[in-house]
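Reviewing the structure listed below.
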Amino acid sequence: MAIALILSLAGCETAPPQTPAAELTALRPAAECSAVLPPFGRYYYPGENPRFAEYIPPDGRIVQRNDGGWCVIRYTSSFNASVDVPALGLETPPQHGEVKLGHIGPVLWIAYRPQPGYSGGDSFVVRQISPQPWDVPVRVIVGSKPA
């Protein structure tokens, strides 16, 4: 059985300002939105001499209709079965929308809203700063009509 080693102690990056929880909960949700960030990290087999088993890279995806609303990826980070709330930063901003980052309790929020009238592809990269840095790419598909 593999044990998930999602994060470990980090370097010296400083945390950027996060969007306050009250502002995150006030975001108007998109009427049609699918937002996922499957589990990612380094997985090890337990035992006296634990060994590396698998690396699964981060892969965020958002599909939404452009109705002026926000689509939110919500995820919880863990390290050795302990919940962690890492700081997030925007490493590469989207070209056709805006992003808000923060957390509500232990749940991390990556919120995206496309520019008015835009439909097509977009992408951005979120930097999970602590305890171990990760670049989390997010691919976006924005439609102008219901899916």
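The values are calculated or read from the model by the stated rules, or taken from the named source; none is laboratory data. Everything numeric in this text was worked out from a predicted model, so none of it was measured. No Cβ is skipped: glycine too gets one built from the backbone with ideal geometry, and neighbour counts run over all protein chains shown.
Only residues that are under 11 Å from R113 (Cα atoms), in contact with a Phe, Trp or Tyr (Cβ under 7 Å, 6 or more places away or on another chain) and in a loop (DSSP other than H, G, I, E, B) were counted across region 55-71, and they come to 1. A30 meets all of the listed conditions (1) among the small types (G, A, S); (2) over 15 Å from the mean Cα position of the chain (by Cα); (3) modelled with pLDDT under 95 but one, namely (3). Only residues that are more than 23 Å from T25 (Cβ to Cβ) and either hydrophobic (A, V, I, L, M, F, W, C) or within 12 Å of the chain's Cα centre (by Cα) (or both) were counted in region 111-122, giving 0.
Consider region 10-27 and keep the residues that are in a loop (DSSP other than H, G, I, E, B) and farther than 13 Å from A111 by Cβ. The one that is modelled with the highest pLDDT is P17.
In the condition set (1) modelled with pLDDT under 90; (2) over 14 Å from the mean Cα position of the chain (by Cα); (3) in a strand (DSSP E or B), K145 is compliant with all but (3).
Among the conditions (1) more than 11 Å from the chain's Cα centre (by Cα); (2) at pLDDT 90 or above, Q132 misses just one, which is (2). Scanning region 101-117 for residues that are surrounded by 19 or more Cβ atoms within 10 Å (Cβ to Cβ) and not small (G, A, S) gives L101, H103, L108, W109, I110, Y112, R113, P114.
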